[in-house]
Amino acid sequence: MDRTSISPDDMENTRVARYSELKSSAKAFVDALIPGYERDIYNIIGRGVVEDKELEPPILDNRDFNVGFIKAEPGKGASPHIHETNEVFMPLTGKWGIYWINEDGQRHEAILGPYDTVSVPVGLSRGFRNASDETAMMLAIVGGTDPGKVHWPQETIDEAREHGIGLDENQDLVLLDK
C-alpha cells in the first residue's frame, strides 16, 4: 500500500467531526413523527441510510462504513425495519433495548448498557428503544460505502403518512400536507 499525507488544515476540514458542531435531524427517517419513535440522528461519517437529504455528515469519506449517533428520550426509538448491510449498535449512555422480529413473527430483545455492542445481521427486522429513565445516546455503525435504503413495512409507511411524513421516489423524506 502506498503511503499518503494530509495537511493539518485538510485533516481538520475533511476528517474531523467536532461533537459541538454536529447537526442533528429529528426527521431523519419516515417513522420519526410517529409517537414513540421520535429521536435525533447525528451523521458523523457518511449519510448511512438516513432519509433526510438535508442531514449532511462532516466526514464524507465513508468507505465501507457509516457512523452516527442516536439520541432519544426514555421509551423512544425506531420502529421495526430492515437493512441491506450489517448494523452495529453501542450504547454510550443509558440502557437500550435492541429488538428483532424473526420470520415467524416472534419478537426478541437484548438490553444493552454502555459500551455493550451488538451486530444485527443483514435482512433481520430490527428496531431499538431507549430503555433508560433519562435521555440517552447510542453509537450506530452501518456497513457499506453505499448501504442502500431502509426497508419499512407498509404499516409503518401508512402510519407515517397519517403523521405528515412520507418518502419520494428516491426513498428520501418528504413532509406531506395533512
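The table below gives the values:
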{"item": "Euclidean distance between Cα centres, the stretch 8-54 to the stretch 114-178, Å", "result": "13"}
{"item": "Among Gly46, Gly123, Gly77: highest mean-square fluctuation, GNM of the chain, C-alpha pairs under 10 Å", "result": "Gly123"}
{"item": "Fully extended contour minus Cα-Cα distance, from Ile6 to Asn102, at 0.36 nm per residue", "result": "29.9 nm"}
{"item": "16 Å reach of a label modelled at Leu176, 7 Å along Cα-to-Cβ, counting backbone N of the stretch 16-59", "result": "29-35"}
{"item": "Label-point separation in nm, Met90 to Val122, each point 7 Å along Cα→Cβ", "result": "2.3"}
{"item": "Gaussian network model of the chain, springs between alpha carbon atoms under 10 Å - residue of Arg63, Arg47, Arg161 with greatest fluctuation", "result": "Arg63"}
{"item": "Residue of Tyr19, Tyr37, Tyr115 that the Gaussian network model of the chain assigns the largest fluctuation, springs spanning Cα pairs under 10 Å", "result": "Tyr19"}
{"item": "Residue-wise HN-Hα coupling along the stretch 23-38, computed from phi with Karplus coefficients 6.51, -1.76, 1.60 (Hz; x: Gly, Pro)", "result": "9, 10, 10, 8, 10, 6, 9, 4, 8, 5, 9, 6, x, x, 10, 5"}
{"item": "Relative exposure of Thr4, Thr135, judged by other C-beta atoms within 10 Å (fewest first)", "result": "Thr4, Thr135"}
{"item": "Gyration tensor (alpha-carbon) shape descriptor, the stretch 22-171, a/c threshold 1.5", "result": "rounded"}
{"item": "Förster-model FRET efficiency, 22 Å R0, Asp146 and Ile59, C-beta, rounded to 0.05", "result": "0.85"}
{"item": "Label-to-label distance, nm, for residues given as Lys23 and Glu109 (7 Å Cα→Cβ offset)", "result": "3.4"}
{"item": "5 angstrom amide H check on Lys76, placed H, neighbours 5+ away", "result": "Asn130"}
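Every read-out reported here was derived from the displayed coordinates using simple, explicitly stated rules and does not represent laboratory data. Every value quoted in this text rests on a predicted model; they were computed, and no experiment measured them. Because the Cβ atoms are built from the backbone with ideal geometry, glycine has one as well, and the counts that use them run over all protein chains shown.
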